[in-house]
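Undergrad: Here you go, one structure.
The values are calculated or read from the model by the stated rules, or taken from the named source; none is laboratory data. The model shown is predicted, which means the values in this text are computed figures rather than measured ones. Methodologically, a virtual Cβ is constructed for each residue, glycine included, from the backbone with ideal geometry; neighbour enumeration extends over all protein chains shown.
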Amino acid sequence: MDTFELVTRNAEEVVTAEEVAALAEDPEGKRAYVGYEPSGVLHLGHLLTANKLIDLQDAGFEVVVLLADVHAYLNGKGTFDEIRETAEQMRAQFLAYGLDEEQTEFVYGSSYQLDEEYVLDLHAIELETTLNRAQRAMAEIQSGETAKVSHVVYPLMQALDIEYLDLDLAVGGLDQRKVHMLAREELPSLGYDVRPALHTPILGDLTTGEGKMSSSEGITISMEDDRDAIAEKVNDAFCPPTRDPEGDKVNPVLELFQYHVFPRFETVVVERPDEYGGDLEYDDFDALAEDLEGGELHPADAKGALAEYLDRLIEPGRERLQAFRAGE
């Protein structure tokens, strides 16, 4: 796998491929980031973008994780003291999950977003952006149904973060697309360069394969879950033996293999009794998907393997979370 393939692996969208390819040709010293609201325990949504950060580190990029305490405050996620405690907890979990501590820079938004220069630039971009445009950018990520003034300031700050963190590449879920497009549109008005972006997919609902996986509805897998909880959730997951011919539903079991397991494990072994054909070994996702959809791999066996590998990924973060809460 060449550097560009590694950088763009499992990306839903690359904006633009030419710009990212140029970065991939010479990644040394290039800086990529994801911003996270410190709002709770890490779950598979966070870890999907974390996998991409690990890919970027393997490719030679420097990685910045923005612990967006000011953003979380603007989105109603608690007091600054509460948010910062959560941020430190999240930092520990990210490192336990696999980010390289020596090559990952963790930055609090409040360390620069309250400075005069940043605030004046924020006011300048406010003058350049219509209310409707800011609301569209924030619509998919705001808390609560009623838009507040803080919700339209929020995406403008995200756009400025790309400049103030001295970044070469922005990474986020597909729900961040409108924010990154806003940055590409408005940063030049302040004399700043546009940057490319990578967007990871939004995983389907675990139990139906429709919509998106949502921690707010209690149907995602988090670093808080123990082995039994993971197995229970995976066993209840929607996993049809064939593709949905209408394309309205996804197979969340296959999505978790594709986006979480195979990027982190070179080989996946599905254990089966000898009377059912014995163990199956897969070196790539496509082979596993083909066997599942072709009937060679039973959904129950696939789910058993998925629960095992997800537990291996989550265990270090789960242990670190428990230690953090114990004050260790």
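Undergrad: Looking at region 67-98 only, could you name the residues that are under 16 Å from residue 34 (Cβ atoms) and surrounded by fewer than 18 Cβ atoms within 10 Å (Cβ to Cβ)?
TA: 95, 98
Undergrad: So, one more: When you scan region 1-87 for helices (runs of 4 or more DSSP H) that lie fully inside it, which ones turn up with 3 or more residues that are over 17 Å from the mean Cα position of the chain (by Cα) and under 27 Å from residue 324 (Cα atoms)?
TA: It comes to 69-74.
Undergrad: Please go through region 24-53 and pick out each residue that is β-branched (Val, Ile, Thr) and more than 18 Å from residue 109 (Cβ to Cβ).
TA: 41
Undergrad: Still on this structure: Restricting the search to region 138-186, which residues are of a type in the set (A, V, I, L, M, F, W, C), over 27 Å from residue 55 (Cα atoms) and part of a helix (DSSP H, G or I)?
TA: 138, 149, 152, 153, 156
Undergrad: On the basis of being under 19 Å from residue 97 (Cα atoms), in contact with a His (Cβ under 7 Å, 6 or more places away or on another chain) and either in contact (Cβ under 8 Å) with a residue 60 or more places away in the chain or aliphatic (A, V, I, L, M) (or both), does residue 313 make the cut?
TA: Criteria met by residue 313.
Undergrad: Further question: If you scan region 247-303, which residues turn out to be touching a residue at least 40 places away in the same chain (Cβ under 8 Å) and in contact with a strand residue (DSSP E or B) (Cβ under 8 Å, 6 or more places away or on another chain)?
TA: Those that are touching a residue at least 40 places away in the same chain (Cβ under 8 Å) and in contact with a strand residue (DSSP E or B) (Cβ under 8 Å, 6 or more places away or on another chain): 257, 259, 261, 268, 302.
Undergrad: Can I ask one more? Could you tell me whether region 297-317 includes any residue that is among the hydroxyl-bearing types (Ser, Thr, Tyr), exposed (fewer than 13 other Cβ atoms within 10 Å of the Cβ), modelled with pLDDT of 95 or more and under 26 Å from the mean Cα position of the chain (by Cα)?
TA: no
Undergrad: Name the residues in region 47-62 that are in contact with a strand residue (DSSP E or B) (Cβ under 7 Å, 6 or more places away or on another chain), surrounded by 23 or more Cβ atoms within 10 Å (Cβ to Cβ) and closer than 18 Å to residue 222 by Cα, would you?
TA: Within region 47-62, just 52 meets the criteria.
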